[in-house]
Structure formats: structure tokens, C-alpha cells
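Visitor: The structure's right below; bear with me while I get my questions together.
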Amino acid sequence: INDFMKQGNQSESSLKRKMGLDRISNLPSDVIGQILSSLPIKEAVKTSVLSSKWRFNSAMIPHLVFDYFSTSDRTFIESIVDQVLVLHVGSIHTFRLSHPDIVATSAIDHWIRHLSRNAIKELVLEILEGDTYKIPSCLFSYQYLVHLELYNCLLKPPSTFKGFGRLKVLCLDLVTVAQDVLDNLIVCCPLLERLTLTKCDGFNILKIDAPSLKFFEFDGSLEHVSIMNTLNLAEVCINLVGDDLTWTRTLSSSHLVNFLAHLLHIRRLTVQTEFLAYLADGNLPVKLPEPYMYLNFLSMSISFHISKEAFDEDQPVEEEVNSWLDDNQDCLWTRLRLVQITNISGIKAELDFIEFLHSSSPVLEKMAVKPASDECSSDLLKNMIRFRHASAHCEIIYLDP
């Protein structure tokens, strides 16, 4: 009897060990699908040989991401995508295609038509090489779409297009889109929360009417920009560049100031050098009509070597800007607590700006400074020690170049 009971205990222990080693197989199918979706397609398909239970798991992955292949053979890559889509069963919620060897071909048209039979929620198409890819009209029937990213594409919806009713994220990079199409697209996406427009063409006026918008990023050239119904907009990143890589600007500073004046609830603002050049090219008001009461993060890229006159062909390009200390004696940063300044060369305009921040920020807690090179490090440190400080408890952090 003892031997029998001993054998029984051993069998039970062996069974428990086997079950413990295969806990993943016993997970719910939707959880397994999420796990497989986190793997590269090639690795996910390999799991089909683990056991009969896993044979069809990879064919039910709801999230298909094609961003890596061990070959650059375009025909072979297209055949892999074809095979995955043909053998797939169940719903496809995500389709991401981002590979340097993918170019605009009829194969992509076929994939988009195939996906139109699914309740696709996220679509990412990055055509990194070759001609601009014209989006087929069937894509505009994706009524469950929540996230859309397009790169190097032509966006021309049919006249019957009424918008994406569920879309929350729209990212267009190197996309050609007509003025009326863009205006209608933004208006007809009432749930849009994140909008990114990078180096797009086909329009020169930007009209944003998006009551749900929380994040907006723009990089490119414009003639006019207007914004309305954006009380939820909390973060803006903007970089305005001139046409044909010149400093010829078409957007007036007054239009830009009007745009800034409508960012009443902005919390994070990031602007690049060209943006500030636009502002400097005109008669600016002393301050905005309404202060930014909610702003808690500001990132600016400033070229201290270039003044607004430097953008005139008859003016030198190495003229320093006026002293911040002279022009802003009455300015106080009453809420500024953290500052980080990088790539400092040590010229007078930069040092004046740093001293201005020190002398105008009574609650400043920490300032991190990083010089551009070792050559200017010692002089920069000596100058900073001599600055007058409005805050008695500010910590200076000196970063190596």
C-alpha cells in the first residue's frame, strides 16, 4: 500500500510539474494573442510547431506588425504578408507596415482591400522608398479606425467620405493632401485627440477645429494658421521652416501671435528656432492678450548668434541679439522651478539669458547647464558663479559636454 501511495504521489507531482511548465498554453486565448502580437511575425509563426494546441494560435493574432524581415527581397516580403493575411482567421485590429524595402505597389492595394473586411482599429503605412503611394478609396471605409499613421502617401478620399467617426490619432508625414481635404478631415473626426503634420504639402493654410484635440505637432511651412474650439489642447510642438531652405517666410508674425493667443489651456509648449524667427520678423506686442496660466513646460531652440536683421540679405549673420537684461528688466518668472540649457558656446547673449533667468526666477530650484565643448567650460563656470540670483535655494548642475 505504501508503495502504491508513493507511486501515486510521484504521478501527481509529475502532472503538476508538467502543468506548471505549460502555464502559457492554459492562458485565455485573448491573452495568448496579446503575447504573440508582441513578437515579430516570424517568431510568432514559429510557435505553431510547439504543439497541436499552438498550431493555429499565430493565425489568430489580432495585431499584425511587419517592421522587420531578414531579407531585402521585396517579392519575398510581399509573399510573406500575403500568406499571413490569407491564413489569418478571426479579427485584425492592428496592421503596421514599416520596412525600408517596401515601396508603393499594387500589393499594398490588395492588403488594404483585404483589411477592409475587418474591424481594423490601427493602421500604420510607412512607404519609405520610391514614389508617393496613393491611398485606395476603400481605406476611407474603415469606420472602426482609431489610429492612423501615413508616411509618403497621397491622401484623396472619395466625395462620399464623411470622416472617421472614431479616429483619435492622426499622423501624416510627407503626405500630400489638398487644402479642402485636410480641412474636412479634421472637422469630420470629432474624437480626434492627437494630430501630427510633418513636412506635408498640398496646402498652405491650416485650420484646426477640433474640440477633443489634446496634442498638436506641426513641422513645415504655412501662409496662415487659425485655431478654434480647442479648449482641451494641452500640448503643442511646432517648427516653422522657410520655403526652399531659405529664410523667406510667408506666415506673418501677427497670424502666429493670434495662433498663440488661442492656446489658453496649454500646458506644454515646444518651439524650434525657425518658429522664433517668424515671431521676430514683425512688430510684436509686449505680451499676449491672455497669460498662459496652465503652462508648466516650455522648450525653446534659440540661435543667439542670429538677430531678426540677419534674415535680411543685406545684413550680417553673426550679429548678436540684444541683451536680455536690458530688454526684460521688469519680467519675473514667478513659477519657474526647473531649467535645463544645453549646447552653450559661451557668447555674451547666452550668458545674459542665463543671468536673466537667475535674476528673474525667485522660486528657481534647479538649473542644469551643458556647454557645447570643453573649450568654453571653464569660462562658463566662472561667469555663472558671478551671476546674481533671485532664488536663495537654487542648485546649479554643471553637465559635461
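Visitor: For residues in the range 95-113 being charged (D, E, K, R) and open to solvent by less than 70 Å² (accessible area, probe 1.4 Å), which is modelled with the lowest pLDDT?
Guide: Restricting to residues being charged (D, E, K, R) and open to solvent by less than 70 Å² (accessible area, probe 1.4 Å), the top hit is Asp101.
Condition check ((1) touching a strand residue (DSSP E or B) at 6+ places or on another chain (Cβ under 7 Å); (2) without any contact (Cβ under 8 Å) to a residue 24 or more places away in the chain) across all residues:
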{"position": "Ser373", "(1), (2)": "no, no"}
{"position": "Ser377", "(1), (2)": "yes, no"}
{"position": "Lys382", "(1), (2)": "no, yes"}
{"position": "His389", "(1), (2)": "no, no"}
{"position": "Ile396", "(1), (2)": "yes, no"}
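Visitor: Looking at Leu197, Leu222, Leu182 in this structure, which one is at pLDDT below 90, closer than 20 Å to His255 by Cα and either of a type outside the set (Lys, Arg) or assigned to a strand (DSSP E or B) (or both)?
Guide: Numbers: Leu197 fails: at pLDDT below 90; Leu182 fails: at pLDDT below 90.
Unique residue meeting the criteria: Leu222.
Visitor: Further, regarding this structure: Could you check, for the range 362-375, whether at least one of its residues is over 19 Å from Phe304 (Cα atoms), in contact with a Cys (Cβ under 7 Å, 6 or more places away or on another chain) and part of a helix (DSSP H, G or I)?
Guide: no
Visitor: Here's another thing I want to ask about it. Taking the range 178-199, which residues are farther than 19 Å from Pro158 by Cβ and either surrounded by 20 or more Cβ atoms within 10 Å (Cβ to Cβ) or touching a helix residue (DSSP H, G or I) at 6+ places or on another chain (Cβ under 8 Å) (or both)? Steps first, answer last, please.
Guide: So in the range 178-199, the residues farther than 19 Å from Pro158 by Cβ come out as 190-199.
Within the range 178-199, Leu192, Leu195, Leu197 qualify.
Visitor: Still on this structure, I have one more. If you check every pair at least six apart or on different chains, which have Cβ atoms under 7 Å apart with a residue in the range 349-362 that is touching a residue at least 12 places away in the same chain (Cβ under 8 Å) first and a residue that is part of a helix (DSSP H, G or I) and buried (at least 20 other Cβ atoms within 10 Å of the Cβ) second?
Guide: What qualifies is Asp352/Trp324; Phe353/Trp324; Phe356/Trp324.
Visitor: Which residues, counting only those in the range 54-94, are within 17 Å of Glu122 (Cα to Cα) and modelled with pLDDT under 70?
Guide: The one that is within 17 Å of Glu122 (Cα to Cα) and modelled with pLDDT under 70: Met60.
Visitor: A further question on this structure: Which of the residues belonging to the range 121-155 are part of a helix (DSSP H, G or I) and open to solvent by 20 Å² or more (accessible area, probe 1.4 Å)? Please lay out each step first, then the result.
Guide: So in the range 121-155, the residues part of a helix (DSSP H, G or I) come out as 137-141.
Those that are part of a helix (DSSP H, G or I) and open to solvent by 20 Å² or more (accessible area, probe 1.4 Å): Ser137, Cys138, Ser141.
Visitor: Considering the range 359-386 alone, what residues qualify as being farther than 14 Å from Pro401 by Cβ and crowded, with 19+ Cβ neighbours inside 10 Å? Spell out the reasoning first.
Guide: Within the range 359-386, the first condition is being farther than 14 Å from Pro401 by Cβ, and the residues that meet it are 359-367, 382-386.
If the condition is that a residue be farther than 14 Å from Pro401 by Cβ and crowded, with 19+ Cβ neighbours inside 10 Å, then Ser359, Ser360, Ser361, Leu364, Met367 are the ones that fit.
Visitor: The conditions are (1) in a loop (DSSP other than H, G, I, E, B); (2) closer than 26 Å to Phe216 by Cα; (3) open to solvent by 60 Å² or more (accessible area, probe 1.4 Å), and Phe161 fails exactly one of them. Which is it?
Guide: Of the numbered conditions (1) in a loop (DSSP other than H, G, I, E, B); (2) closer than 26 Å to Phe216 by Cα; (3) open to solvent by 60 Å² or more (accessible area, probe 1.4 Å), the odd one out for Phe161 is (3).
The values are calculated or read from the model by the stated rules, or taken from the named source; none is laboratory data. Computed from a predicted model, the values in this text were never measured in an experiment. FYI the Cβ positions are ideal-geometry reconstructions off the backbone, even for glycines, and counts take in every protein chain you see. Just the protein is used for accessible areas: all its heavy atoms, side chains included, with ligands, DNA and RNA removed. Shrake-Rupley method; radii C 1.70, N 1.55, O 1.52, S 1.80 Å.
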